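Engineer: Sharing a structure below in structure tokens format, with a few things to ask.
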Amino acid sequence: MNPPAAATRRSLMARLRLRERIRDRDSAIYGILLLTALVFPMAAMYATGSTALVSQAGHAGTFVLLAIGLNVVVGFAGLLDLGYAAFFAIGAYTYALFASAQLGSSPLHHQYHLPFWLMLLVGMFVAASAGALLGFPTLRLRGDYLAIVTLGFGEIVPQLSYNLPQWTGGINAIGGIDQPWLPAWITGPWAGASSIAIIQGSTCRVPWSSTQTPCFSFSFDPIAFYVVIVIMIICAVILVSNLYHSRLGRAWMAIREDEVAAAAMGINTVTTKLLAFAIGASFSGFAGAYYGASFSLVSPDDFFFLVSATVLVMVVLGGMGNISGVIVGALVIYFVLNSLLPALPSSVESLANTIGLGSLNAQNGDWPGLAGETQRLQFLIYGLILVLMMLLRPQGLFPSRVREQEFKHAAVQEEETMIEQAHTS
Amino acid sequence: MESGATALKRFRSLTMGGMTLPDYGFYVISAAAVVLLAGEAVANPTAFVQITVFGVADGAMYALVALGYTMVYGIIELINFAHGDVFTMGAYISGAILGAFSINENSFTAVNLVALVIVFPMVMLFMGAINITIERIAYRPLRNAPRLAPLITAIGMSFVLEGIMFMWKGPASIHFPDILPHGPGFQTTIYGVFVGFKDVFVVVTAIFLVALLAIFINRTRLGKAMRATAQDRDAAQLMGIDINRTIAATFFIGALLAGAGGMIWGLYYNNIFYNLGFRTGLVAFTAAVFGGIGNIPGAAIGGLLIGLIAAYSDSYVGSKWTEIVIFGILIGVLVFRPTGLLGMRVPEK
């Protein structure tokens, strides 16, 4: 590289004040998200008088975690994973099997009731090792082959849980999964709160010794789960952004941009990609254990391709490689899928009533009524939303600044070549 | 980790008698499968041949869909998720048009024949037009975008097509007019093996279409342009090939085959549903990978083999394991023989 080029590049960096900009926008997004996370449960409960919205937000949090994890694989390392839900399933089943009566009726004939906090980590490690096992023979393949292998894996895992009912309950799913519990002394300052109450006269067995301790269970309290998922997400964000700025993160980026060049620079591409794969899978296992606990039910239907595709859409739409963008993308898609689309039929109906087309609402022969028709249209609308969003912002809602600059650079270069072509012809 | 990676490298480059160890793995697994099947064949030859007949018919349909996947992947490296739904759409539309004729489902009349001859090319052209539109709307604007962007729009278009069919006919599976000759006069039993007219029809039509495609790809100017674009898009452009037109033509031809496949599927099974394309698409895609993605004869052979494997697995392993067997094969092929059966590799771009 000749010195003048390097000099101009440095001055470009300085002129755009790239570093400050990256810090500014992302920290603004984080700040808003954190504030919303704090205010949301109170506002929602004040406005609606129930905790239904909070429990939905807890579910959305699962997808945020999944999106953060997939972002490591897809956004950082540039590996396309189309079967991410399989690792989610592995995490969820790991918790479900070892924290319910399920294994009692399996060939093992012994129930396990390991505590949630331990199983969070175990689920993480099991999913990570599954990721490593799958990645080990396949990561040397070019990107698209990896996508195909993960796609196949993603179909195999839920199918296996269907086919092995003596272990996984098959189509009947695993129910009655243990709720997380904490020793009673942790309630300390909140001891008087009505939602987090010590179960009267209850004791929980400490797994590593035979002592009993007074405890309180989460039961189905959405607030408690909400707090846990917010803490989990915060931990995940801190972990992942530290990884991103570490040597490993730079190696991922190098591989994403040009694998051959990265290998030539002395990066062990197989190990680095394997780490991305395993770390990404571990977040999925983490989320899976939480998912199993919060619903107390794990069914193979929750882990098919649609889930993998949804999480991928969240990552790409949010802005690959940018953690704050991915979180926003996950929340937006979750909102579209679980609030906007289900609410559409009734809102269309009331709209038709207000603008004087109320006659359309009646069911009549082949016409299922406006609400029914909108219900049928949901899939179509979701597809259109995906296509439109991608066409309008192919780089995602909040792409990482580095990528954005690349985009602008590419556009400028293209323009230049076009001008050149016009001159020469 | 370090040693793991090197061990893997060594494993992959270990050679014995000119072949690498993974190649041996591939051959050993294939040989084991063949031996197991041979055992079944000897135990009950009639059943084995019968299963083979069904497998070939299924495989012919998978091959038609797989060709579209492999052509699109070969030329723009896109896993076209909407392709399976184009296939289903072909079945839906042809079923609807057939319903407009005064066809007779009980016996084969002249009207049936006329309807068949008219609807076949009609639905193929119609699906071709739809696929070109999809390419124009959802993929062409993203040609220079990050590689995942068109993948997401492909998933989106798949939802859109499924949504259209869902809206049109609802979630239940629907009946497809049974207009092919069937019944006692049009089936025969050779040594206890049942062969119907439909089985023959499916296989003959598929072979005819694949032969046409092969002639088109190898003998015409546009076919040559497609091969050139798949090899190196920039160089092809420099040679004066209109890239956009060539890619659109690829989508068009892929959809012709998928539309025909959809109609044949309907005629064969007489039962279609709105998300039929999802599973069929995945299986057909596996077939394309099995044959070596980007490789056109490979997709045809892969489709046939996957059809056979699915049929054998349905009968000898149990139908609930078929999906696992197919995707297990997919992973196994990629691990042991990433280039697919016919060994062509799309050049790294």
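The values are calculated or read from the model by the stated rules, or taken from the named source; none is laboratory data. The model shown is predicted, which means the values in this text are computed figures rather than measured ones. Cβ sites come from the backbone with ideal geometry, for glycine too, and all protein chains shown count toward neighbours.
Engineer: Which residue is farthest from the other protein chains (Cβ to nearest Cβ), if the candidates are limited to region B:285-300 and must be farther than 17 Å from B:ILE207 by Cβ and within 8 Å of the chain's Cα centre (by Cα)? First the steps, then the outcome.
Structural biologist: If we filter region B:285-300 for residues that are farther than 17 Å from B:ILE207 by Cβ, which is where we start, we get B:285-286, B:288-290, B:292-295.
Filter once more, keeping what is within 8 Å of the chain's Cα centre (by Cα): B:285, B:288.
Numbers: B:PHE285: 7, B:ALA288: 10 Å.
Looking at the filtered set, the residue picked out is B:ALA288.
Engineer: Follow-up. Within region A:145-178, track down each residue that is among the small types (Gly, Ala, Ser) and closer than 10 Å to A:TYR93 by Cβ.
Structural biologist: If the condition is that a residue be among the small types (Gly, Ala, Ser) and closer than 10 Å to A:TYR93 by Cβ, then A:SER161, A:GLY169 are the ones that fit.
Engineer: Right, next: Going by the structure shown, is B:PRO171 more than 21 Å from B:TYR62 (Cβ to Cβ) and in a helix (DSSP H, G or I)?
Structural biologist: Against the criterion (more than 21 Å from B:TYR62 (Cβ to Cβ) and in a helix (DSSP H, G or I)), B:PRO171 does not qualify.
Engineer: Now, a different point. Of everything in region A:316-327, what is in contact with a Phe, Trp or Tyr (Cβ under 9 Å, 6 or more places away or on another chain) and in a helix (DSSP H, G or I)? Give them in sequence order.
Structural biologist: Listed by number, the residues that qualify are A:GLY318, A:ILE323, A:SER324, A:GLY325, A:VAL326, A:ILE327.
Engineer: Hey, any hits in region B:327-342 for a residue that's more than 16 Å from B:VAL56 (Cα to Cα), away from chain A (no Cβ under 14 Å) and not in a helix (DSSP H, G or I)?
Structural biologist: Checked region B:327-342: at least one residue is more than 16 Å from B:VAL56 (Cα to Cα), away from chain A (no Cβ under 14 Å) and not in a helix (DSSP H, G or I).
Engineer: Does any residue of region A:340-357 turn out to be within 14 Å of another protein chain (Cβ to nearest Cβ), surrounded by fewer than 18 Cβ atoms within 10 Å (Cβ to Cβ) and at positive phi?
Structural biologist: No, the conditions are met nowhere in region A:340-357.
Here's the yes/no breakdown for (1) modelled with pLDDT of 85 or more; (2) of a type outside the set (Val, Ile, Thr):
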position	(1), (2)
A:THR8	no, no
A:ALA14	no, yes
A:ARG25	no, yes
A:LEU34	yes, yes
A:VAL54	yes, no
A:THR62	yes, no
A:VAL73	yes, no
A:ALA77	yes, yes
A:LEU82	yes, yes
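Engineer: Got at least one residue in region A:129-141 being crowded, with 24+ Cβ neighbours inside 10 Å and hydroxyl-bearing (Ser, Thr, Tyr)?
Structural biologist: no
Engineer: Which members of region B:100-147 meet the condition of being within 14 Å of chain A (Cβ to nearest Cβ) and surrounded by fewer than 22 Cβ atoms within 10 Å (Cβ to Cβ)? Break it down into steps so the answer makes sense when it comes.
Structural biologist: If we filter region B:100-147 for residues that are within 14 Å of chain A (Cβ to nearest Cβ), which is where we start, we get B:133-147.
Scanning region B:100-147 gives B:THR133, B:ARG136, B:ILE137, B:ARG140, B:PRO141, B:LEU142, B:ARG143, B:ASN144, B:ALA145, B:PRO146, B:ARG147.
Engineer: Continuing with this model, one more query. Just give me the residues in region B:148-194 being at the interface with chain A (Cβ under 7 Å from one of its Cβ atoms) and among the β-branched types (Val, Ile, Thr), in sequence order.
Structural biologist: Across region B:148-194, the qualifying residues are B:ILE152, B:THR153, B:ILE155, B:VAL160, B:ILE164.
Engineer: Would you mind finding the one in B:LEU180, B:LEU161, B:LEU148 that is at pLDDT below 90, within 20 Å of B:PHE81 (Cα to Cα) and not β-branched (Val, Ile, Thr)? Don't jump to the end; show me each part of the working.
Structural biologist: Values: B:LEU180 fails: within 20 Å of B:PHE81 (Cα to Cα); B:LEU161 fails: at pLDDT below 90.
Going through B:LEU180, B:LEU161, B:LEU148 in turn, the sole match is B:LEU148.
Engineer: Tell me yes or no: at least one residue of region B:140-150 is hydrophobic (A, V, I, L, M, F, W, C), more than 23 Å from the chain's Cα centre (by Cα) and outside any helix (DSSP H, G or I).
Structural biologist: yes
Engineer: Select the helices (runs of 4 or more DSSP H) contained entirely in region A:243-305, then report the ones holding at least 1 residues which are away from chain B (no Cβ under 13 Å) and within 21 Å of the chain's Cα centre (by Cα).
Structural biologist: It comes to A:247-257, A:269-295.
Engineer: Can you go through B:LEU78, B:LEU37, B:LEU67 and tell me which one is away from every other protein chain (no Cβ under 13 Å) and modelled with pLDDT under 90?
Structural biologist: Result: B:LEU37 is the single residue among B:LEU78, B:LEU37, B:LEU67 that is away from every other protein chain (no Cβ under 13 Å) and modelled with pLDDT under 90.
Each row is one residue, and each column tells you yes or no for (1) polar (S, T, N, Q); (2) in contact (Cβ under 8 Å) with a residue 24 or more places away in the chain.
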site: A:ALA293; (1), (2): no, yes
site: A:VAL307; (1), (2): no, yes
site: A:VAL315; (1), (2): no, yes
site: A:SER346; (1), (2): yes, yes
site: A:LEU357; (1), (2): no, no
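Engineer: Then there's this: Just checking, how many residues over region A:50-109 are in a loop (DSSP other than H, G, I, E, B) and either without any contact (Cβ under 8 Å) to a residue 40 or more places away in the chain or farther than 25 Å from A:GLY169 by Cα (or both)?
Structural biologist: Initial filter on region A:50-109 (in a loop (DSSP other than H, G, I, E, B)): A:50-51, A:77-83, A:101, A:106-109.
With the extra rule that they be either without any contact (Cβ under 8 Å) to a residue 40 or more places away in the chain or farther than 25 Å from A:GLY169 by Cα (or both), the set shrinks to A:50-51, A:77-82, A:108-109.
Counting residues in region A:50-109 that are in a loop (DSSP other than H, G, I, E, B) and either without any contact (Cβ under 8 Å) to a residue 40 or more places away in the chain or farther than 25 Å from A:GLY169 by Cα (or both) gives 10.
Engineer: Also, quick follow-up: Scan region B:136-181 residue by residue and report those that are touching a residue at least 60 places away in the same chain (Cβ under 8 Å) and farther than 22 Å from B:ARG279 by Cα.
Structural biologist: Of everything in region B:136-181, those that are touching a residue at least 60 places away in the same chain (Cβ under 8 Å) and farther than 22 Å from B:ARG279 by Cα turn out to be B:ARG136, B:TYR139, B:ARG140, B:ARG143, B:ARG147, B:PRO177, B:ASP178, B:ILE179, B:LEU180, B:PRO181.
Engineer: Among the residues of region B:56-79, is any in contact with a His (Cβ under 9 Å, 6 or more places away or on another chain), in contact (Cβ under 8 Å) with a residue 24 or more places away in the chain and either more than 12 Å from B:GLY262 (Cβ to Cβ) or among the hydroxyl-bearing types (Ser, Thr, Tyr) (or both)?
Structural biologist: yes
Matching residues to (1) crowded, with 22+ Cβ neighbours inside 10 Å; (2) of a type outside the set (A, V, I, L, M); (3) away from every other protein chain (no Cβ under 14 Å); (4) under 17 Å from A:ILE279 (Cα atoms):
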site: A:ALA86; (1), (2), (3), (4): yes, no, no, yes
site: A:ALA101; (1), (2), (3), (4): no, no, yes, no
site: A:SER106; (1), (2), (3), (4): no, yes, yes, no
site: A:VAL126; (1), (2), (3), (4): yes, no, yes, yes
site: A:LEU146; (1), (2), (3), (4): yes, no, no, yes
site: A:LEU151; (1), (2), (3), (4): yes, no, no, no
site: A:LEU160; (1), (2), (3), (4): no, no, no, no
